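Engineer: First the structure, which I've put down as structure tokens, then a few questions once you've had a look.
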Amino acid sequence: MNTKGKVVTTKELETIILKVRKEGKKIVTTNGAFDILHVGHKIALEESKTLGDILIVGINSDSSIRKYKTDLRPILPESERAELVAAFACVDYVTIFEEPDPIHLMELIKPDVYTKGGDYDHEKILEVGWVRDNAREVIIIPYVDGKSTTKIIENILKIYGKENS
């Protein structure tokens, strides 16, 4: 399957989920902005895949990122972020969602396992309540210290800010 074939609409995802469920496969889901990919993302995605058969990644749309982060983000547009995440061998499908939180996406997928990176507090993840209420498992993947999009942006500003002084 080529990378583009892994990026699907939520409508296409409905069909995929029905097929995967009939095959008895365990679905793992995670989500995020994935604005500037880094090794923390790589590790979290690979760890997530080990928890099931199919890994579905939800990517926040550009407009949803502006709602919950800042109007200066995202750095990369949603279509590019989706393709980059789909390029990981461990990722089976990627879809873009419009809402600031992934609850609607979780209702569609009904994952067996839901993962988030360790930079999130288990109880502060908006969707944990939905996942827990629907008898699903939530796994926090350990945070890779110092590896974040924010740190990368800060480093770029530090380096290029000096050149412009």
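The values are calculated or read from the model by the stated rules, or taken from the named source; none is laboratory data. Small disclaimer: the values here were computed from a predicted structure and weren't measured. Neighbour counts run over all protein chains shown; Cβ positions are idealised from the backbone, glycine included.
Engineer: Which one is surrounded by the most Cβ atoms within 10 Å (Cβ to Cβ) among residues in segment 40-83 that are among the hydrophobic types (A, V, I, L, M, F, W, C) and modelled with pLDDT under 95?
Structural biologist: ALA44
Engineer: Scan segment 55-101 residue by residue and report those that are aromatic (Phe, Trp, Tyr) and in contact with a Ser or Thr (Cβ under 7 Å, 6 or more places away or on another chain).
Structural biologist: Matches in segment 55-101: PHE97 only.
Engineer: Any idea which residue in segment 43-86 is nearest to the chain's Cα centre (by Cα), counting only those that are polar (S, T, N, Q) and over 21 Å from HIS104 (Cα atoms)?
Structural biologist: THR50
Engineer: A further question on this structure: Which members of segment 44-93 meet the condition of being free of Cβ contacts under 8 Å to residues at least 40 places away in the same chain and of a type in the set (Val, Ile, Thr)?
Structural biologist: THR50, ILE54, VAL57, ILE59, ILE65, THR70
Engineer: For segment 114-122, does any single residue satisfy the condition of being closer than 22 Å to VAL8 by Cβ, modelled with pLDDT of 85 or more, buried (at least 19 other Cβ atoms within 10 Å of the Cβ) and not β-branched (Val, Ile, Thr)?
Structural biologist: Yes: one or more hits.
Engineer: Sticking with this one: Read through the list (1) within 29 Å of ARG73 (Cβ to Cβ); (2) among the hydrophobic types (A, V, I, L, M, F, W, C); (3) surrounded by fewer than 19 Cβ atoms within 10 Å (Cβ to Cβ), then give the number of the only condition that LEU18 fails.
Structural biologist: For LEU18, the failing item is (1).
Engineer: Another question, if that's okay. When ILE96 is evaluated against the numbered criteria (1) surrounded by 15 or more Cβ atoms within 10 Å (Cβ to Cβ); (2) assigned to a loop (DSSP other than H, G, I, E, B), which criterion, by number, is the only one it fails?
Structural biologist: Tallying (1) surrounded by 15 or more Cβ atoms within 10 Å (Cβ to Cβ); (2) assigned to a loop (DSSP other than H, G, I, E, B), ILE96 fails exactly one: (2).
Engineer: When only residues in segment 21-35 that are crowded, with 19+ Cβ neighbours inside 10 Å and either among the charged types (D, E, K, R) or within 12 Å of the chain's Cα centre (by Cα) (or both) count, which is modelled with the lowest pLDDT?
Structural biologist: The extreme case among them is ASP35.
Engineer: May I ask you to list pairs of residues, at least six apart or on different chains, whose Cβ atoms are under 6 Å apart, with the first in segment 142-153 being more than 12 Å from HIS41 (Cβ to Cβ) and touching a residue at least 40 places away in the same chain (Cβ under 8 Å) and the second being of a type in the set (Lys, Arg) and surrounded by 12 or more Cβ atoms within 10 Å (Cβ to Cβ)?
Structural biologist: Going by the 6 Å Cβ cut-off, there are no qualifying pairs.
Engineer: How about segment 30-85: which of its residues are out of contact with any Asp or Glu (no Cβ under 7 Å at 6 or more places or on another chain), of a type in the set (A, V, I, L, M) and over 25 Å from ASN155 (Cα atoms)?
Structural biologist: LEU51, VAL57
Engineer: On to the next question. Do you know which residues across segment 1-43 are over 20 Å from PRO102 (Cα atoms), assigned to a helix (DSSP H, G or I) and either of a type in the set (Lys, Arg) or without any contact (Cβ under 8 Å) to a residue 24 or more places away in the chain (or both)?
Structural biologist: Across segment 1-43, the qualifying residues are LYS4, GLY5, LYS19, ARG21, LYS22, LYS42.
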